[in-house]
Protein chains: 2
Amino acid sequence: MEAPLILSNHDLRNTSARLAVLGIFQKYTYALSHSNIEKELQKDFDRVTIYRTIHSFLDKGIVHKVMDDSESAKYALCVDECSSDHHHDNHVHFKCSKCGNSECLNNIQIPLTNLPSGYIATESNLLIEGVCKACS
Amino acid sequence: MEAPLILSNHDLRNTSARLAVLGIFQKYTYALSHSNIEKELQKDFDRVTIYRTIHSFLDKGIVHKVMDDSESAKYALCVDECSSDHHHDNHVHFKCSKCGNSECLNNIQIPLTNLPSGYIATESNLLIEGVCKACS
DNA sequence: TCATTTATGAAACTCTGTTGCAATAGTAAA
DNA sequence: TTTACTATTGCAACAGAGTTTCATAAATGA
Ligand SMILES: [Mn+2]
Ligand SMILES: [Mn+2]
Ligand SMILES: [Zn+2]
Ligand SMILES: [Zn+2]
């Protein structure tokens, strides 16, 4: 979908910072951190603006957080129709130990796990590490 | 096992900082961050010493990193015989959204997942969020 | 006890992320 | 198109996590 339409569909104003950041997310197939995005941007937006842009995308369901054992948070585009109310990101994340990239395996569901009695699951998050298709 | 023995078994010198930090890990059933440990310590050790202590425990296989969507890294004692060479921590981690604690469910194995061709898994990490036994 | 090696404390630093506030830009209605 | 309103931006200042360097202190084994 076109970036300006994505923004208005998610009740966000069409600003140049948001269009630029969204364009970068669309360009890459793996999860990006704040610093990845900052380096990739042509025009210099303020660091804080980039943080706020990521937050608004997260809040409106344009991106989701990708867990990773790295120090800084990473984010990737949501594929399904996500909204402020609900994220549909029950897929597996794969981190390649060669290239370091984390990607969403959108077609692979996280298996249900039998928990001990007394534990109630509401969300789950599976990160698999290894070697990705491009690196193997 | 006694703390001094654990240290020498893992080729670490018996220092007061390490004994104190190890004692704190043994006291809690959930994963701890650097700042959790710092607050819990009676004697004031330097922040850097605590960081270095955690690193040496991680390196020698006394603790393992516990993934969590929180900002700072958390660590918990290894149960099996872990070493510098290999961590045996293929268990599930459970984060309670009420108390905020992350614990190791050492008896629950992470299920194997069918990856697309070209992907090779070497490690996996499953974080389940919900309500823990104590809070439910 | 002594020599050697490893650990610690202190200071300075980097990187990530947040907050408050004044200036600016987007939007929808006139 | 112009206006008015509100959301967004840039800037500065801040807080927290984690690292590096180096001189001093403590642990270990001889
Ligand atoms: Mn994803
Ligand atoms: Mn664990
Ligand atoms: Zn790769
Ligand atoms: Zn709980």
- Which one is nearest to ligand 3 (Cβ to nearest atom) among residues in the range B:74-127 that are over 14 Å from residue B:31 (Cβ atoms) and surrounded by 20 or more Cβ atoms within 10 Å (Cβ to Cβ)? B:119
- Message: Considering only residues that are modelled with pLDDT of 95 or more and either at positive phi or of a type in the set (Lys, Arg) (or both), which ones fall in the range A:37-59?
- Response: A:39, A:47, A:52
- Item | Inter-residue pairs, beta-carbon under 6 Å, first more than 19 Å from residue A:129 (Cβ to Cβ) and within 11 Å of another protein chain (Cβ to nearest Cβ) and in the range A:96-118, second more than 16 Å from DNA strand C (Cβ to nearest atom) and not in a strand (DSSP E or B), 6+ apart | A:118/B:133; A:118/B:136
- Entirely in the range B:52-110, the strands (runs of 3 or more DSSP E) that have 3 or more residues that are in contact with a helix residue (DSSP H, G or I) (Cβ under 9 Å, 6 or more places away or on another chain) and more than 16 Å from ligand 1 (Cβ to nearest atom): B:63-66, B:74-77
- Query: Any idea how many residues of the range A:119-136 are among the charged types (D, E, K, R) and more than 7 Å from every other protein chain (Cβ to nearest Cβ)?
  - Reply: 0
- Query: Among the residues of the range A:23-38, how many are more than 10 Å from the chain's Cα centre (by Cα) and in a helix (DSSP H, G or I)?
  - Reply: 9
- Restricting attention to the range A:111-136, and to residues there that are of a type in the set (S, T, N, Q) and either within 17 Å of residue B:112 (Cα to Cα) or assigned to a loop (DSSP other than H, G, I, E, B) (or both), which single residue is farthest from the chain's Cα centre (by Cα)? A:117
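The values are calculated or read from the model by the stated rules, or taken from the named source; none is laboratory data. Just so it is clear, the structure is predicted and the values come from calculations on it, not from any experiment. Methodologically, a virtual Cβ is constructed for each residue, glycine included, from the backbone with ideal geometry; neighbour enumeration extends over all protein chains shown.
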